[in-house]
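All remarks here apply to the structure that follows.
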């Protein structure tokens, strides 16, 4: 599930080498921290699943997604830590796990406590992409960022098309590059997907999309 890239602001590029260096020397003492209780983790995952079904699948924003949802080949990891270095460590572990398991097609690293400001998240995404390159994963895995405040370049904050990548929580989506290439090659007019998404979301309108997005936080079984 690979929507178009977000705003391309490179204000943190000069910090990337230093960030990766710091991450490298702190790997041993930066262990994964799952601060949430199991029920809270389940709630976060269920909200994310409802968002995927409501937006990505039901609106057909990514034609490749439905099959993987039906196959139950998506992995969800909730990492509740706001420290960028620890998130990088968790990302590296998640890619390694994905690499060693062919039963998992793609993985969502969900960051409920990480970078509530989209500008910070967007800057961090460049650091994360540089890390994957430094670890030799370039061309093998692809990262896509999703965020509650996601905004494409040359759009206003309330433009409907931003809901292509507006998720309930900040998250990093890890995709297999080979699977993305295969899906694009076998999907008719794959290059037109972003344009169709803009049309689909624009027809629904921002008010309806906001309501749809908020509904992802409500468990239908509890109402």
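Averaged over residues, the count of other Cβ atoms within 10 Å places the peptides 46-54, 201-209 in the sequence 46-54, 201-209, highest first. Could you list the residues of segment 155-180 with an amide nitrogen less than 19 Å from a label point located 7 Å from the Cα of residue 58 in the Cα-to-C-beta direction? It comes to 160-169, nothing else. Between the alpha-carbon centres of segment 133-173 and segment 176-223 there is a gap of 13 Å.
For a footprinting-style exposure proxy, rank 167, 39, 178 by other Cβ within 10 Å, fewest first.
Details: 167 23, 39 8, 178 12.
Ordered from fewest to most neighbouring Cβ atoms within 10 Å, 167, 39, 178 come out as 39, 178, 167.
Summarising the label geometry, the points placed 7 Å from Cα in the beta-carbon direction at residue 156 and residue 117 lie 2.4 nm from one another.
Using per-residue counts of other Cβ atoms within 10 Å, averaged over each peptide, order 140-146, 113-119 from highest down.
Numbers: 140-146: 20.1, 113-119: 17.7.
Averaged packing, sorted descending, gives the order 140-146, 113-119.
Laboratory data are not the source of any read-out in this text; all were calculated from the coordinates shown. Note that this is a predicted model, so its numbers are computed, not measured. Glycine gets a Cβ as well: all are built from the backbone with ideal geometry, and neighbour counts include every protein chain shown.
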